[in-house]
Amino acid sequence: MSKVTSRANGGQVRQGEAGGASPLSKSLYSLSLKPSSRPRTDAASDVCPVCKSSRYLNPNMKFLVNPECYHKMCESCVDRIFSHGPAPCPIAGCARTLRKGKFREATFEDLKVEREVDIRRRVASIMNKEESDFETLKDYNDYLEQVEEITWNLILKIDVDETNHRLQRWADAQAAETGATRRTYEPDPSMAGASGVVLKKGGTQRRALETSSGNTTDTNVKDKGFNFHGLKKKVAPPPEAPFDPFDGWSIAPQYYTLQNDYDADWLTKHKREKEQLVGGYQWSDFYNRALQDAFGGLTVFIDDEIRARDIPSGDAAIGTERAATAAAGGQDVNMDDIF
Amino acid sequence: MGVSSPAALSPRPKPPGSHLAVPDRAKALSGLSRAAKPPASAPITRTPIDGGEADMAEQMNDALRSQFVSGARLGEGTYAIVYAGHYRHDPTKLVAIKKIKLNADFKDGIAMDAIREIKYLSELSHPNIIKLHAVFSTKDQNLSLVLEHLPLGDLEGLWKNKSITYSSADIKAWSNMLCQAIWFCHANHVLHRDIKGNNLLIAADNTVKLADFGLARSFADPGAKMTSNVITRFYRPPELLYGCLHYAGNADMWSVGCVIAELALRQFFLPSETDLQQLSVIIDVFGTPSEESWPGVGSLRYYQPPPNRSAVKLPQPLSWWRGRLPLLGDDGIDMVRGMLAMDPQKRLTAEQALQHRYWTSAPRPTKKENLPNEGGGMKKEGEDLKRKGGETPAGAGRVDKVARKLDFGGM
Ligand SMILES: Nc1ncnc2c1ncn2[C@@H]1O[C@H](COP(=O)(O)OP(=O)(O)O)[C@@H](O)[C@H]1O
Ligand SMILES: [Mg+2]
Ligand SMILES: [Zn+2]
Ligand SMILES: [Zn+2]
């Protein structure tokens, strides 16, 4: 993006700004100083430019604006003109198509500020990196500086189409990186004229933007719209492994294979006993236990256990680890019958 | 092994002073552990302690005992009183000290419960099984078990505490920890025989830990008889109520099924007043057992056939389960019904239960750190406050160190 140093705002040059002053306060300041084209007497600001009714006669009168053009008019005019569907703005020389749903109360007395704040809010929703996303504080400040420039371009209506497209590509790239649902950058509606779309229906414009930017993310050319120095690569968290009901534990014999059945005279007698079966006695449990008892001690080294024991007790991890190795080796413990 | 018997196949003596340093007791235990008889007739002999002389074991016991400081009383069980405690050298390392009550029946020995608890806990090491740190004897010749401290109550307290709300995913997380614990016991051939909500204690990090091994034993040899008078009544499987003497791990699995159903129901699942009534409560749900549905059931000691055809009950249909335990979902209901099969041969084993699709179907079990508990959320709150208070970076005074950023999000 080309660095814009001189802006077409009445020849105002944004250079050599005082260090601490925020650009917004700067711009608010300059806007408030700029003489309004229309003499702003109290009476004028309280009269609806459409129906000429005055707040003096109707103290409950409310003024609304539509961010398509920021032309102010009273609530009853909005009701009257736009209740039956989109209609052209009644202010002479405007004629933008407005929809009733987009009207809202003006937050700021000065509608230029209203518009600037809208733009800033939109840009901030896409350009939402934080200091921790950058290698250094300088990189972060450079980033903020660039974001400020982007914002100014939009406010001052410079390269609006190009900037909007890049913002959308950036939004797409961010969404792709984090795996989050992608966020649509909503371009400045008051700039619709610049891209030649005057009457837009049901978000046609937005959809057009989406498809065009969709193409760019699909191609291998990774045009993210912007490049910021020192931006840490976002590592998308690895997809969560499926839940393991055993939590990684397994017990399998290492030194023998367990058969389904074993033949021994003294066992055969019991195997036929109904009373053994009816209570759910499991022969496999018995074979397993007998073999574990027989082989269990084979790879147990007392010295190792003493060393392991001397690590201060109370550390659950150690006990667990030891049991895990013991268990994995099928070298588990011998437990005698009490009764 | 804490309690090593002379004829052990796998002699793994714990070095002196580690888990059990009570030689006179140990001798009595080793005699006991060979005896396949009820405790009352077990040959308990107490070797008198040699007075005066500096007995090495005695010294080691004292050294071990002095490592711990005991404090407030935490709870009382049937054979023990549990106190809070900590390591003397580090008061932040908490323990629970379970002091075995002096028992009139075992004046010259140790209560069977204590022997079992020490024996099995010293062998089982798994995150979902309470850890036994040490055992020592006190001056009055009584045993104390040093256990890991589990301060957040138990599973029964959780479902009874109506100020706590919890979800299907929470139930699945708790149930899984319970199933892992019992799987590990069974894989190491230990029957617990007293699984119930209030023996499932909860650690500070919300881990469920199986505790109270006072009724545990090894799996029996073929033909060897076990007592059928185990497992708290609400959780006792039908084969034990019928007086069966040859049971296996699947007896514990019935209790596991009851505990999971209880968590989902927030009530006791199969409550009753007497052992006989317990059977009829079970039959009301699972139907009257028959030779077809449970081969051999008629041969059990206390089995009584239904007096007439009209007394035969049918099992409740799936719709009944769906209405009763909606929080488990169809997969959970299928697993719990598998654990609660009347015929123990048809019951899910612990391993089969852990292989059930319930665990991997939605919802995924809640992560431990997000589980509700009875401890309140004080810690988290405190951390949030800290962060809010710390908004101003340390070097705020120096403009060049501060990121220049305006926030329009809130406008
Ligand atoms: N490790 C522990 N941490 C905290 N409290 C415990 C601990 N162990 C036991 N308790 C408390 O003591 C009570 C009795 O303990 P338990 O081991 O169940 O004894 P019993 O075998 O006599 O039933 C428990 O219900 C619990 O409230
Ligand atoms: Mg208990
Ligand atoms: Zn008007
Ligand atoms: Zn207009």
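The values are calculated or read from the model by the stated rules, or taken from the named source; none is laboratory data. Note that this is a predicted model, so its numbers are computed, not measured. In this analysis, Cβ positions are derived from the backbone assuming ideal geometry, glycine residues included, and neighbour counts consider all displayed protein chains. These area figures cover heavy atoms from the full protein model, side chains too; ligands, DNA and RNA do not enter into them. Shrake-Rupley method; radii C 1.70, N 1.55, O 1.52, S 1.80 Å.
Could you go through region B:240-253 and let me know if any residue there is open to solvent by less than 20 Å² (accessible area, probe 1.4 Å) and within 16 Å of ligand 2 (Cβ to nearest atom). Scanning region B:240-253, I find at least one residue that is open to solvent by less than 20 Å² (accessible area, probe 1.4 Å) and within 16 Å of ligand 2 (Cβ to nearest atom), so the answer is yes.
Residues in region B:207-235 that are more than 12 Å from every other protein chain (Cβ to nearest Cβ), touching a helix residue (DSSP H, G or I) at 6+ places or on another chain (Cβ under 6 Å), open to solvent by 10 Å² or more (accessible area, probe 1.4 Å) and more than 11 Å from ligand 2 (Cβ to nearest atom): B:Arg233 alone. Looking at B:Ser122, B:Ser167, just one residue is farther than 30 Å from B:Leu276 by Cβ, more than 14 Å from chain A (Cβ to nearest Cβ) and open to solvent by 10 Å² or more (accessible area, probe 1.4 Å), and that residue is B:Ser167.
For region B:207-232, taking the residues that are in a loop (DSSP other than H, G, I, E, B) and among the small types (Gly, Ala, Ser), the one that is farthest from ligand 3 (Cβ to nearest atom) is identified as B:Gly223.
Let's see how each residue does on (1) within 21 Å of B:Phe184 (Cα to Cα); (2) without any contact (Cβ under 8 Å) to a residue 12 or more places away in the chain:
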residue: A:Asn227; (1), (2): no, yes
residue: A:Leu231; (1), (2): no, no
residue: A:Phe243; (1), (2): yes, yes
residue: A:Thr257; (1), (2): yes, yes
residue: A:Lys269; (1), (2): no, yes
residue: A:Phe286; (1), (2): yes, yes
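Within the bounds of region B:117-131, is there any residue that is touching a residue at least 12 places away in the same chain (Cβ under 8 Å) and in a strand (DSSP E or B)? Don't jump to the end; show me each part of the working.
To start, the set of residues in region B:117-131 that are touching a residue at least 12 places away in the same chain (Cβ under 8 Å) comprises B:117-124, B:126-131.
Next, only the ones that are in a strand (DSSP E or B) stay: B:129.
Within region B:117-131, one or more residues are touching a residue at least 12 places away in the same chain (Cβ under 8 Å) and in a strand (DSSP E or B).
Can you tell me which residue is farthest from ligand 3 (Cβ to nearest atom) among those in region B:194-206 that are of a type in the set (Gly, Ala, Ser) and over 12 Å from the mean Cα position of the chain (by Cα)? Filtering region B:194-206 for residues that are of a type in the set (Gly, Ala, Ser) and over 12 Å from the mean Cα position of the chain (by Cα), the one farthest from ligand 3 (Cβ to nearest atom) comes out as B:Ala203.
Go through region B:265-282 and give me each residue that's hydrophobic (A, V, I, L, M, F, W, C) and either open to solvent by 10 Å² or more (accessible area, probe 1.4 Å) or touching an Asp or Glu at 6+ places or on another chain (Cβ under 7 Å) (or both). Passing the criteria: B:Leu265, B:Phe268, B:Phe269, B:Leu276, B:Leu279, B:Val281.
The set of residues in region B:283-297 that are within 14 Å of another protein chain (Cβ to nearest Cβ) and either closer than 11 Å to B:Met342 by Cα or surrounded by 14 or more Cβ atoms within 10 Å (Cβ to Cβ) (or both) comprises B:Pro289, B:Ser290, B:Ser293, B:Trp294, B:Pro295, B:Gly296, B:Val297. Among the conditions (1) closer than 21 Å to B:Thr288 by Cα; (2) over 21 Å from the mean Cα position of the chain (by Cα); (3) of a type outside the set (Val, Ile, Thr), the only one that B:Pro363 does not satisfy is (1).
Taken over region A:108-119, the criterion of being over 11 Å from A:Tyr70 (Cβ atoms) and open to solvent by 10 Å² or more (accessible area, probe 1.4 Å) is satisfied by A:Glu109 alone. Put simply, of B:Thr227, B:Thr232, B:Thr274 the only residue that is within 16 Å of ligand 1 (Cβ to nearest atom) and among the polar types (S, T, N, Q) is B:Thr232. For region A:90-100, filtering for residues that are within 16 Å of ligand 3 (Cβ to nearest atom) and under 36 Å from the mean Cα position of the chain (by Cα) leaves 2. Please tell me if A:Asn128 is more than 16 Å from ligand 2 (Cβ to nearest atom), open to solvent by 50 Å² or more (accessible area, probe 1.4 Å) and over 37 Å from the mean Cα position of the chain (by Cα). When the stated conditions are applied, A:Asn128 does not pass them. Test B:Ala261 against the stated conditions and say whether it is under 18 Å from B:Lys346 (Cα atoms) and within 20 Å of the chain's Cα centre (by Cα). Criteria not met by B:Ala261. In region B:256-265, is there at least one residue being modelled with pLDDT of 95 or more, part of a loop (DSSP other than H, G, I, E, B) and out of contact with any Cys (no Cβ under 8 Å at 6 or more places or on another chain)? No; the residues of region B:256-265 include none that is modelled with pLDDT of 95 or more, part of a loop (DSSP other than H, G, I, E, B) and out of contact with any Cys (no Cβ under 8 Å at 6 or more places or on another chain). When the residues of region B:66-97 are narrowed to those that are away from ligand 1 (no atom under 16 Å from the Cβ) and more than 12 Å from every other protein chain (Cβ to nearest Cβ), which ends up least open to solvent (accessible area, probe 1.4 Å)? Among them, the one singled out is B:Ser66.
Could you tell me which residue of region B:185-206 is surrounded by the most Cβ atoms within 10 Å (Cβ to Cβ), considering only residues that are of a type in the set (Val, Ile, Thr) and assigned to a strand (DSSP E or B)?
Quick first cut of region B:185-206, residues of a type in the set (Val, Ile, Thr) only: B:190, B:195, B:202.
From the residues that got through so far, the ones that are assigned to a strand (DSSP E or B) too are B:190, B:202.
Working: B:Val190: 26, B:Ile202: 23.
Selected residue: B:Val190.
Taken together, the residues in region A:277-294 that are part of a helix (DSSP H, G or I) and either among the small types (Gly, Ala, Ser) or facing chain B (nearest Cβ under 9 Å) (or both) amount to 12. Would you check if there is a residue in region B:53-65 being within 16 Å of ligand 2 (Cβ to nearest atom) and either at pLDDT 85 or above or surrounded by 12 or more Cβ atoms within 10 Å (Cβ to Cβ) (or both)? No, there is no match, as no residue in region B:53-65 is within 16 Å of ligand 2 (Cβ to nearest atom) and either at pLDDT 85 or above or surrounded by 12 or more Cβ atoms within 10 Å (Cβ to Cβ) (or both).
Yes/no matrix, rows are residues, columns are (1) of a type in the set (Asp, Glu); (2) within 16 Å of ligand 4 (Cβ to nearest atom); (3) within 12 Å of chain B (Cβ to nearest Cβ); (4) buried (at least 18 other Cβ atoms within 10 Å of the Cβ):
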| position | (1), (2), (3), (4) |
| --- | --- |
| A:Ser76 | no, no, no, no |
| A:Asp79 | yes, no, no, no |
| A:Phe82 | no, yes, no, yes |
| A:Cys89 | no, yes, no, yes |
| A:Glu105 | yes, no, no, no |
| A:Ser132 | no, no, yes, no |
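Does A:Ala290 count as open to solvent by 60 Å² or more (accessible area, probe 1.4 Å), among the small types (Gly, Ala, Ser) and at pLDDT 80 or above? Here the answer is no, as A:Ala290 does not meet what is asked.
Within region B:324-379, the set of residues being open to solvent by 80 Å² or more (accessible area, probe 1.4 Å) and β-branched (Val, Ile, Thr) comprises just one member, B:Thr360.
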